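Structure first, then comments.
The values are calculated or read from the model by the stated rules, or taken from the named source; none is laboratory data. It should be emphasised that the depicted structure is a prediction, and the values quoted were computed from it without experimental measurement. Neighbour counts run over all protein chains shown; Cβ positions are idealised from the backbone, glycine included.
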Amino acid sequence: MSDPLDAVFSALADPTRRAILMMLLEDDMAVTDVAEPFEMSLAAISKHLGILSRAGLISQEQRGRVKWCKLEPDAMRDASIWMQSFGQFEAINLDAFEKFLEKELTDD
């Protein structure tokens, strides 16, 4: 995807990726810890992490033998500004975003 906004919205369209973002709101996590609560392979989680990383929503860093994931909340700024142009959305507030993600997960 060439448009960064398209990449962000595409990444956010998947419930697994939204759940991963919610987990990373708390703290940086090792890839294996991110994968733990999901009933899918580590390879499948890695694909989700790659999509989130390419969208700029997370960063990944190798620390020794462990790959770590970190939330990059500023990546949602452009999406927030775009939504504000419709006049119904406020700037992204991470606490509100966390509550939204929690609701999404409990509604499934």
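Against the numbered list (1) closer than 21 Å to K99 by Cβ; (2) in contact with a Lys or Arg (Cβ under 8 Å, 6 or more places away or on another chain); (3) free of Cβ contacts under 8 Å to residues at least 12 places away in the same chain, E61 comes up short only at (1). Evaluating I45 against the criteria (1) among the β-branched types (V, I, T); (2) out of contact with any strand residue (DSSP E or B) (no Cβ under 9 Å at 6 or more places or on another chain); (3) within 24 Å of W82 (Cα to Cα) leaves one unmet condition, (3). Scanning region 45-67 for residues that are aliphatic (A, V, I, L, M), under 15 Å from the mean Cα position of the chain (by Cα) and not in a loop (DSSP other than H, G, I, E, B) yields I45, L49, I51, L52, I58. Considering only region 68-91, I want to know if a residue exists there that is closer than 17 Å to L12 by Cβ, modelled with pLDDT of 90 or more, in a loop (DSSP other than H, G, I, E, B) and not hydroxyl-bearing (S, T, Y). Yes, the conditions are met somewhere in region 68-91.
Would you check if D14 is over 24 Å from K103 (Cβ atoms) and out of contact with any Cys (no Cβ under 8 Å at 6 or more places or on another chain)? It would help to see each step written out before you state the result.
Numbers: over 24 Å from K103 (Cβ atoms): no; out of contact with any Cys (no Cβ under 8 Å at 6 or more places or on another chain): yes.
Judged against the criteria, D14 is not a match.
Of everything in region 1-44 that is in a helix (DSSP H, G or I), in contact (Cβ under 8 Å) with a residue 24 or more places away in the chain and under 18 Å from V66 (Cβ atoms), the residue that is farthest from the chain's Cα centre (by Cα) is T32.
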